[in-house]
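Read the structure below first, then the notes.
What follows is calculated from the coordinates using simple rules that are stated; it is not laboratory data. Owing to the predicted nature of the structure, the values given are computational and were not obtained by experimental measurement. Glycine also receives a Cβ, built like all others from the backbone with ideal geometry; neighbour counts cover every protein chain displayed.
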Amino acid sequence: MPSSHAIQVAGVTHWYGDHRALDNIGFSVEPGELFGLLGPNGGGKTTLFRILSTLLPLQQGSASILGYDLGSQPGEVRCRIGVTFQAPSIDPKLTVFENLKHQSHLYGILGRSMRERIDRLLDHLSLTDRRNDRVESLSGGLKRRVEIAKGLLHDPEVLLLDEPSTGLDPGARHDLWHYIRQLRSARGVTVLVTTHLMTEADECDRLGIIDRGHLVALDSPDRLRASVGGDCLTIQSSRPQELAVRIAETFGVTPRHVGDSLRIEQEQGHEFLRDLVAAFPDDVTSVSMGKPTLEDVFIDRTGHRLWGGEAE
């Protein structure tokens, strides 16, 4: 079924009892795009992931993958997506090959075709020399590669990855993302990934930021950072409430309270920093300045940090 979008989500709302986990979420993902959903645990991204992977039914709104409606055609969707969940789904007592063989059987892939697909994936994921090893003997990074191989056995057009680098060390995480980019460029697979890591979010072509069930930002990482504008100053003080009032009175700038810090976005931040310290030498404990990051975008759109610390 033809579709101009690989993934289309419109007005999706989901409730758990009285708790609204998703509120009118809408976005689209283009074919061959690497799209990220960034947000804290409990922000709604995993609920949306479960809906897209057909584990949760649509309650309100619409969603489709490759033109197939998730509500009325879930079977067609499942045939065309590969899914890697955050929780392990491989049998640790079986070998790498045995795990992939049983996954192949679930899709009706048998005989020579099965062996060729497994061999190809083991080669691409640098697992050939571990094919006969029990999964329980593998490192965390190798286990995640086996998980991804399972999701790719039936040659899906769309790959859904839920926190794919959970539990991986930095080297294994780098290798995993290298393969994800290679998969997208070599085979044209559309990839949707959920993450709470800013470094992973930076790898995506476009990014949707989700907080408390709301899609609060949607654009490329570079454009999102540019939307904050200026330099970001983080100010520590023993009297942050009082200092905020004095800064507003002196400079006409209202700082944002983020945890125990004050946050200000300002053009020519180095000049403002100089004037700030000169004006309040006894009140400013420390101050740092940098160009906007995705963390700054999150704070700008939500008023709090990705991990805790409500803004006032």
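Okay, here's what the table says:
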| read-out | value |
| --- | --- |
| Principal-axis tilt of helix 269-279 within the chain, Cα atoms, nearest 10 degrees | 40 degrees |
| Folded to 0 to 90 degrees: helix 96-106 orientation relative to the chain principal axis, Cα | 80 degrees |
| More than 18 angstrom apart: percent of Cα pairs within segment 113-265 | 69 percent |
| Full-extension gain in nm, residue 181 to residue 199, via 0.36 nm per residue minus C-alpha separation | 5.1 nm |
| Highest-first arrangement of 188-196, 80-88, where packing means the average Cβ count within 10 Å | 188-196, 80-88 |
| On Cα atoms only, tilt of 111-124 relative to the major axis of the chain in degrees | 30 degrees |
| Virtual spin-label span in nm between residue 250 and residue 69, 7 Å along Cα→Cβ | 6.2 nm |
| Cα radius of gyration and Dmax for the chain (Å) | 23.0, 77 |
| Among 62-68, 129-135, the order from most to least packed when residues are scored by Cβ within 10 Å on average | 62-68, 129-135 |
| Fully extended contour minus Cα-Cα distance, from residue 129 to residue 86, at 0.36 nm per residue | 13.0 nm |
| Hits among lysines - C-alpha to C-alpha of residue 101 under 16 Å, sequence gap 8 or more where chains match | 93, 143, 150 |
